Amino acid sequence: MNILFVGDIFGSAGRRIVREHIGHLCQAHAVDLVIINSENAAGGFGVTPSIAEDLFDLGADVLTTGNHVWDKRELIDYMNSAPADSQERPRRLLRPANLQRGTPGYGVFEGTTKSGVEYAVVQLMGRVYMNGTNDPFEAIDALLPAIKAKVVVVDFHAEVTSEKVAMGWYLDGRVTAVLGTHTHIPTADERVLPGGTAYQSDVGMSGPYDSIIGVEKDLVMRKFLTGMPGKFEAAKGNPKMCAALVTCDPATGRASGIQRIMLGE
């Protein structure tokens, strides 16, 4: 079974480069499950219902988010439009599972691929340098016993590499993959851990790489040089699609391979 996980889509450049490549990638690698992190898809800050629909049209089975999930307030009604047991698109857009109690939406989705393989996607968010989250280790321990699928993919949206590595080792042998998002820089540490869990600290950004993590360079440099606040705008130059391709045994959920992908125009 092949799983394609697309790293954080950033702005219109990210949406364009993913649209350019996702079809032939899925065909070339016989992809069974497509997961896209969409939290920066709307101009670099959040995702709108219409953009979410566009990403589902491209073939996404599940969309994940992160700390920018509430930047577009209309997303709340979109998430709330589908009940917990639904397979509809709004139910397949996740927010971090370890947010405060009473938060709209869901942090886990369980579904079935077209070939009949049951799977689950879990969204977690780190605590180090991140606000408004509960313990992600405690959260995943509470969630896993209720998940029936053998194939379980965790999007760990976190700032600090050590926290991501710790989660990878903590879940080794318990999930199919732990894939880091949020920092927008692809890491070269992809591997299958001894227990059969595919791991990468950060899948990277699908967006403009002639930028500072997606934002126009001059705007960010001005803030570093002067300390003055300013409005950030999404860059557009040199877009690249970053993704991870995970191969696993659908009967056991154990990963046998992970491949780092970066494709330009």
Worksheet item: Under a no-solvent Debye model with one identical scatterer per Cα of the stretch 200-265, what's log10 I(q)/I(0) at q = 0.13, 0.21 Å⁻¹?
Response: -0.53, -0.85
Practice prompt. Provide Phe5, Phe232, Phe56 in ascending order of the number of other Cβ atoms located within 10 Å of each residue's Cβ, fewest first.
Written response: Phe232, Phe56, Phe5
Discussion item. Taking the beta-carbon count within 10 Å as an exposure proxy, list Met1, Met205, Met221 from fewest neighbours to most.
Written reply: Met221, Met1, Met205
Discussion item. To check you understand DSSP bridge types, tell me what percent of the beta bridges within the chain (both residues inside) are antiparallel, rounded to 5.
Written reply: 50 percent
Discussion item. Nearest 10 degrees is fine. How inclined is helix 161-171 to the longest principal axis of the chain, computing both from alpha carbons?
Written reply: 10 degrees
Worksheet item: Residue separation times 0.36 nm, minus the C-alpha to C-alpha distance between Lys148 and His29: what's the value?
Response: 40.2 nm
Worksheet item: Of the cross-linked pairs Lys72/Lys236; Lys72/Lys231; Lys148/Lys240, which ones have a Cα-Cα span greater than 24 Å in the structure shown?
Response: Lys148/Lys240
Worksheet item: How large is Rg over Rh for the stretch 145-185, taking Rg from the Cα atoms and Rh as the Kirkwood inverse mean of 1/r across Cα pairs?
Response: 1.01
Discussion item. What's the ranking of 135-148, 67-80, 166-179 by average number of surrounding C-beta atoms within 10 Å, highest first?
Written reply: 166-179, 67-80, 135-148
Practice prompt. Note down the relative contact order for the chain as a percent, whole number, built from C-alpha pairs under 8 angstrom at least six residues apart.
Written response: 20 percent
Worksheet item: Would you list Arg254, Arg15 from fewest to most Cβ contacts within 10 Å?
Response: Arg254, Arg15
Worksheet item: When Lys and Arg each count +1 and Asp and Glu each count -1, what net charge do the other residues less than 15 Å away from Ser206, Cβ to Cβ, add up to?
Response: -2
Worksheet item: What Kirkwood radius, in Å to one decimal, follows from the Cα pairs of the chain?
Response: 18.1 Å
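Rule-based calculations on the coordinates, nothing more; no lab input. Values in this document were obtained by computation on a predicted structure and should not be read as measured data. Ideal geometry is used to build each Cβ from the backbone, glycine not excepted, and the neighbour counts take in all protein chains shown.
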